[in-house]
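S.K.: Quick one: structure below, then a few questions.
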Amino acid sequence: MVEQIKAAAGSLSWLQGRQKRSLEEVILILLCMVSIASVLPFALFRLWEGSWLSAGVDLSLVVAFIAVIVHVLRTGRHRVAGLLVTLFYSAGMLATVYLRGVAMVYWVYPTTIAAYFILRPRMALAINAVAMAALVLILSRQLATLNLLTIVVTLGLVNLFAYIFADRTGLQTRALHTEVERDFLTGVLNRRALDRKLGDYADERRPHLDTCLLLLDIDHFKSINDEYGHAVGDAVLVRLCTVLRQHTRASDRIFRYGGEEFAIIASGAELEAAERLAENLRMAVSLAQLLEQRPVTVSIGVALMDKRSSPKDWLEQADQMLYRAKEDGRNTVRVAPPKGIA
Ligand SMILES: Nc1nc2c(ncn2[C@@H]2O[C@H](COP(=O)(O)OP(=O)(O)OP(=O)(O)O)[C@@H](O)[C@H]2O)c(=O)[nH]1
């Protein structure tokens, strides 16, 4: 259910605007818009019949939802806004039941489920549990025990089903992402993951640490394939990835960029640190004896992921440096000078 809505939300390109918006932002904005469309007619009706307090509650909710939409559209920050929207839903629902009685209890069900669209399942469950306790307090004077129990049990079931569904959907989505972005031979991330990571870094709005891109290519790999066969070539690729993992930090990301070409995103590494890392990797590979019969070496190009440039520029720069390393005799590291120094 959540994924279908996400898919529908994803197709609403008009909401994306000029800026690329995350699916979470789009879902939150859509939920706020639907909420405004649902609550506003009741607010106007309450005004018309002179129920000022109820109208006040409904209008406050409408204003709060508009404020959230404006905030998310302007800043792109959705986490705190999502929490606030869930709290508005719960507070609005409780106030309405308190003011207008048990007939308003129907509002509890959509607000309960909405929390699972916006928040992580555990957080949604916690907020709903508190809201349910408050609801029981409000209704305990109005309802016979059996009726109250019916509401508690049905609400409990709605929460249970929504929790299981949201939790399972989250698990499946994460598993699918992992599968789609992994190289089946070596187990490192693939080209698709690299494109996404570079795009994410370029889109990052907050200040961050310097990060570098390393492009690494096995020297004369074709001759390894030709001399020892494709299966041995494959084994070399797998062993190379083990060496790369052993000599990079957990926060660094390794990608298979092409056949025998790999990329590493070294986060928190400025050019000098990235050059040291590249040298260590080059040395580690040459000492690792990836193949018993002959030495295997790599050439590496390094570029700073400068925020003034684009992912395409970073790849081009690192690739030029890799080309230069090959030209300069292979088993070599070459680093792109920072912008303005070239
Ligand atoms: N075993 C194996 N070989 C692959 C795979 N993907 C690409 N290759 C081979 O990698 C080789 C790449 O060769 P080239 O691009 O000519 O480069 P090179 O021989 O490494 O020479 P330099 O890069 O110039 O040092 C080709 O022979 C491809 O067939 C793979 O998944 N497994």
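The values are calculated or read from the model by the stated rules, or taken from the named source; none is laboratory data. Computed from a prediction, not measured in an experiment: that's the story for all the values here. Quick reminder, even Gly has a Cβ in these numbers, built from the backbone with ideal geometry, and neighbours come from all protein chains shown.
S.K.: Given the criterion of a type in the set (A, V, I, L, M, F, W, C) and surrounded by fewer than 17 Cβ atoms within 10 Å (Cβ to Cβ), identify the matching residue among A133, A114, A162, A95. Steps first, answer last, please.
M.R.: Details: A114 fails: surrounded by fewer than 17 Cβ atoms within 10 Å (Cβ to Cβ); A162 fails: surrounded by fewer than 17 Cβ atoms within 10 Å (Cβ to Cβ); A95 fails: surrounded by fewer than 17 Cβ atoms within 10 Å (Cβ to Cβ).
Sole residue among the options that is of a type in the set (A, V, I, L, M, F, W, C) and surrounded by fewer than 17 Cβ atoms within 10 Å (Cβ to Cβ): A133.
S.K.: Do any helices (runs of 4 or more DSSP H) lying entirely in segment 73-188 carry at least 2 residues that are at pLDDT below 95 and hydroxyl-bearing (S, T, Y), and which ones are they? First the steps, then the outcome.
M.R.: Values: elements: 79-100, 108-118, 121-139, 145-180.
It comes to 79-100, 108-118, 145-180.
S.K.: While we're here: Count, please, the residues in segment 253-285 that happen to be within 22 Å of N225 (Cα to Cα) and either modelled with pLDDT of 95 or more or among the β-branched types (V, I, T) (or both). Before the answer, list the steps.
M.R.: The initial filter retains those residues of segment 253-285 that are within 22 Å of N225 (Cα to Cα), namely 255-263, 282, 284-285.
Filter again for either modelled with pLDDT of 95 or more or among the β-branched types (V, I, T) (or both), leaving 255-256, 261-263, 282, 284-285.
Number of matching residues: 8.
S.K.: Only residues in segment 207-231 that are among the basic types (K, R) count as the first member; pair them with residues that are within 16 Å of the ligand (Cβ to nearest atom), Cβ under 6 angstrom, at least 6 apart or cross-chain, and list the lot.
M.R.: Matching pairs, first to second residue: none at all.
S.K.: Considering each residue of segment 325-342, count those that are buried (at least 19 other Cβ atoms within 10 Å of the Cβ) and away from the ligand (no atom under 16 Å from the Cβ), and give that number. Show your work before the answer.
M.R.: Here is the first cut: in segment 325-342, the residues buried (at least 19 other Cβ atoms within 10 Å of the Cβ) are 325, 332-336.
Restricting the remaining residues to those that are away from the ligand (no atom under 16 Å from the Cβ) gives 335-336.
The number of residues fulfilling the criteria is 2.
S.K.: Here's a check for you: in segment 38-90, which residue that is of a type in the set (D, E, K, R) and surrounded by fewer than 20 Cβ atoms within 10 Å (Cβ to Cβ) is nearest to A126 (Cα to Cα)? Outline the logic, then answer.
M.R.: First pass over segment 38-90, keeping only residues of a type in the set (D, E, K, R): 46, 49, 58, 74, 77, 79.
Among the residues that remain, those that are also surrounded by fewer than 20 Cβ atoms within 10 Å (Cβ to Cβ) are: 49, 74, 77, 79.
Working: E49: 36, R74: 29, R77: 22, R79: 16 Å.
Filtering segment 38-90 for residues that are of a type in the set (D, E, K, R) and surrounded by fewer than 20 Cβ atoms within 10 Å (Cβ to Cβ), the one nearest to A126 (Cα to Cα) comes out as R79.
S.K.: Between D195, D200, D217, D210, which is closer than 20 Å to V285 by Cβ and either buried (at least 17 other Cβ atoms within 10 Å of the Cβ) or not aliphatic (A, V, I, L, M) (or both)?
M.R.: Working: D195 fails: closer than 20 Å to V285 by Cβ; D200 fails: closer than 20 Å to V285 by Cβ; D210 fails: closer than 20 Å to V285 by Cβ.
Answer to the selection: D217.
S.K.: With respect to D195, is the statement that it is in contact (Cβ under 8 Å) with a residue 12 or more places away in the chain and more than 16 Å from the ligand (Cβ to nearest atom) true?
M.R.: Working: in contact (Cβ under 8 Å) with a residue 12 or more places away in the chain: yes; more than 16 Å from the ligand (Cβ to nearest atom): yes.
Yes.
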